[in-house]
Amino acid sequence: MSSVPPPMLLSWLRPGGPVLKVLAATCCLVITVLSLLPGNERPHTGYSGNMEHVAAYIGTAGFVALALLRWRVATIVFAFSAASAFFEICQIWIPGRTSLVENWVASTLGAFVGAVAARFIVLPLMQAWLARR
């Protein structure tokens with residue numbers, strides 16, 4: 001029995017492929033919804049708000065960086081930073097939410113770490129793994 005995945009599965013898993021695009025879009029949707037929910041409806045992890053921001057944006061920006069290979073890392077980070085600023089401004093009018101510059105900074109930092117790690121660590125590893133298949 002071979003441990004090599006079927007070629008069709010490999011094409012779906014490749015950087016820029018449909019699986020990563022769906023994961024990236026799903027994560028973007030989750031961040032949008034969670035950012036705009038009233039405070040009493042938003043789930044809490046028990047960690048600080050800034051840690052939640054960093055973690056959410058690391059993962060989401062990482063998936064976007066692997067899904068949208070034509071986008072430069074700087075473009076991805078700028079887009080997430082702008083989106084985070086927009087969400088923070090919107091939270092001024094959302095009951096139970098606060099708008100903080102430090103949350104925007106945490107989100108931007110997370111987007112930077114996620115996009116850089118995805119492009120310069122994860123992507124080369126994925127490409128090497130797929131080349132051996």
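Each value in this text was obtained by applying a stated rule to the coordinates, not by laboratory testing. The model shown is predicted, which means the values in this text are computed figures rather than measured ones. Cβ coordinates were reconstructed from backbone atoms using ideal geometry, including for glycine residues, and neighbour counts include every protein chain displayed.
Percent relative contact order of the chain, based on C-alpha pairs within less than 8 angstrom and at least six residues apart? Display every interim value, and only then the final one.
Values: 157 pairs, mean separation 44.1, N = 133.
After rounding, I find 33 percent.
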Which order do the peptides 86-95, 101-110 take when ranked by the mean count of other beta-carbon atoms within 10 Å per residue, highest first? 101-110, 86-95
Read phi for every residue in segment 43-58 and hand back ³J(HN,Hα) as whole Hz from Karplus 6.51 cos²θ - 1.76 cosθ + 1.60, θ = phi - 60°, with x for Gly and Pro. x, 10, 8, x, 8, 5, x, 5, 5, 4, 4, 4, 4, 4, 7, 4
